[in-house]
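Heads up: the structure comes next, in structure tokens.
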Amino acid sequence: MKVKLPQNLEGHNFIGGEWVKGEAGVQEIFSPYSGTKIGSVSLPSVAQVKIAITKAQEAQRDWARTPMKERAKVLFDLRNILLRDIDAITHVKASESGKTFDEGRAGLMKGIEVLEFALSMQNLDLGGKVEVSRGVTCEYRREPLGVVASITPFNFPAMVPMWTIPIALGLGNAYIWKPSDKTPLTSIMIANALKEAGLPAGLLTVLHGGENTVNTVIDSETVRAVGFVGSTKIAKLVYNRTTSLGKRALCLGGAKNHIVLLPDANPELAGVGISDSFTGCAGQRCMAASVLLAVGDVEKHIQKIVERASSLRLSHEMGAIITKAQVEFLHAAIDRAEKAGAKLILDGRKTKAPEGLEGGNWLAPTIIDHVKPGSEAHKVELFGPIISIIRCKDLTEALAIQATSEYGNACSVFTSNGALADRVTREARAGMVGVNVGVPVPREPFSFGGINASKFGHGDITGVHSLDFWSDVKKVTSKWEKQNDNNWMS
């Protein structure tokens, strides 16, 4: 389906259950598809941010006392509303992020999958009670933190917030959301959906803006935890600022994901899987393949990758780049790779922009061969539809190169040999590993999260391992009468 660009969608800040016009100016939003303005949001003043946090704290007190089953009812209604309005939400999120319609819809469906996991928490996380000694019981109770916050990126304006909103709210917290200043329009639709679902006023807050908004939220004594998804540079800053105040933070950063391609791999499976990994979302995702470690003679496999990538039509099977500045950066990075001795076997700069969308931000799939280990094309996260091929004599060399990456989000292997696949899953330095899967994102309840410079903080942001981040576990030990055989345990 062709993406329908909205006509000047106007948004404000969602505070205390109402849309409040910001006092600190207006941010205009331009579509990567066309370069034209599609909407705007007003920016809150520091005073308005502080008022919003206070309202969230007031609302959270009653929400914490609400049984989890009643909280789940709101989330269930939210799920139905999102499914009802999925096309309308998809058009907006694709328009402002540059995704194709199918990619935008798939991202929202992944977010709904996390929402469905949150609905199961009432059955999965009921606490526990055991008689540990005669007359003595111990139990644990999971309790909300209070007010929590999340800062989300431009590339997944619905999926990433939906990783955290259902779980944080389901556990009894109030949630403050600071969407990307490049893609804030989607937040309007999700906030309205939660309001329609019956979420009490103040439990969801949406605050637009940049550094002033973020710092005011982080520095507030009321906010207990901060989640972040974005670049490694900003993830470090958010993590350090938050934790220096004694708060918990889980900040996901960038990536430089490697795929190991072995000669015995199925050429069709590898061709589609690897091509779709580096071209999906125009390469603007932290799970995209960036480096192909080509082991031995894999020319027929690489030809399949080239054929698949070459067949993709801009604005149809592949979307746009978020800004013109990013396009210029990618062009310059390709130039530098060529000057360093690499060979272009597919040059996306030569593809014309789609008819009628010449003002958009476009770069077609690009494949750079014979990249040297340690070069920019190997080490730096470019965040575009570009894959760098490094030739390797054997699997040992390939794994050694992969281990040099400062990041640790994902690594995949394409092979028909189970023993070799098992070796890669054991030795790869990554938090998520795939076998004949180009984008190894776990499905719920398995959690999402990398290692090394791809993540700052403990635990993962989705799945069962996210519960401990968004809540505290209280332990209660009880004794009601003296026992005749009194000992150290009783």
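The values are calculated or read from the model by the stated rules, or taken from the named source; none is laboratory data. On a predicted model such as this, the values are computed, not experimentally measured, just so you know. All Cβ positions, glycine included, derive from the backbone under ideal geometry; neighbour counts span all protein chains shown.
Here are some notes:
- Wholly within the range 354-458, strands (runs of 3 or more DSSP E) carrying at least 1 residues that are closer than 28 Å to residue 318 by Cα, at pLDDT below 95 and not assigned by TED's automatic domain parsing to the domain that holds residue 230: none
- Hits in the range 426-485 - residues which are aromatic (Phe, Trp, Tyr) and either buried (at least 16 other Cβ atoms within 10 Å of the Cβ) or closer than 30 Å to residue 309 by Cβ (or both): 446, 448, 456, 469, 470
- Considering the conditions (1) part of a loop (DSSP other than H, G, I, E, B); (2) exposed (fewer than 15 other Cβ atoms within 10 Å of the Cβ), residue 320 is excluded by exactly one of them, (2).
- Pair list, Cβ under 8 Å, 6 or more apart: the range 231-246 residue assigned by TED's automatic domain parsing to the domain that holds residue 383 and among the β-branched types (Val, Ile, Thr), other residue surrounded by 15 or more Cβ atoms within 10 Å (Cβ to Cβ) and part of a helix (DSSP H, G or I): none
- Of all residues in the range 277-301, those satisfying the criterion of being more than 16 Å from residue 377 (Cβ to Cβ) and hydrophobic (A, V, I, L, M, F, W, C) are 281, 282, 286, 287, 295, 298.
- Taken together, the residues in the range 1-18 that are in contact (Cβ under 8 Å) with a residue 60 or more places away in the chain and farther than 15 Å from residue 186 by Cβ amount to 6.
- Those residues of the range 440-468 which are within 13 Å of the chain's Cα centre (by Cα) and hydrophobic (A, V, I, L, M, F, W, C), in sequence order: 441, 448, 461
- Selection count, the range 371-397, where residues are buried (at least 18 other Cβ atoms within 10 Å of the Cβ), closer than 13 Å to residue 260 by Cβ and touching a His at 6+ places or on another chain (Cβ under 8 Å): 2
- Among the residues listed as 72, 47, 56, the single one being of a type in the set (A, V, I, L, M, F, W, C), within 21 Å of residue 201 (Cα to Cα) and loosely packed, with under 14 Cβ neighbours inside 10 Å: 47
- Against the numbered list (1) over 17 Å from residue 99 (Cα atoms); (2) surrounded by fewer than 21 Cβ atoms within 10 Å (Cβ to Cβ), residue 4 comes up short only at (1).
- Residues that are within 18 Å of residue 200 (Cα to Cα), of a type in the set (A, V, I, L, M, F, W, C) and surrounded by fewer than 24 Cβ atoms within 10 Å (Cβ to Cβ) do not occur anywhere in the range 152-174.
- Count - residues of the range 263-286 that are under 29 Å from the mean Cα position of the chain (by Cα), buried (at least 22 other Cβ atoms within 10 Å of the Cβ) and of a type in the set (A, V, I, L, M): 3
- Subset tally (residues that are of a type in the set (A, V, I, L, M) and under 23 Å from residue 88 (Cα atoms)) for the range 21-56: 3
- Only residues that are small (Gly, Ala, Ser) and either under 17 Å from residue 239 (Cβ atoms) or outside the structural domain of residue 222 (by TED's automatic domain parsing) (or both) were counted across the range 144-160, and they come to 2.
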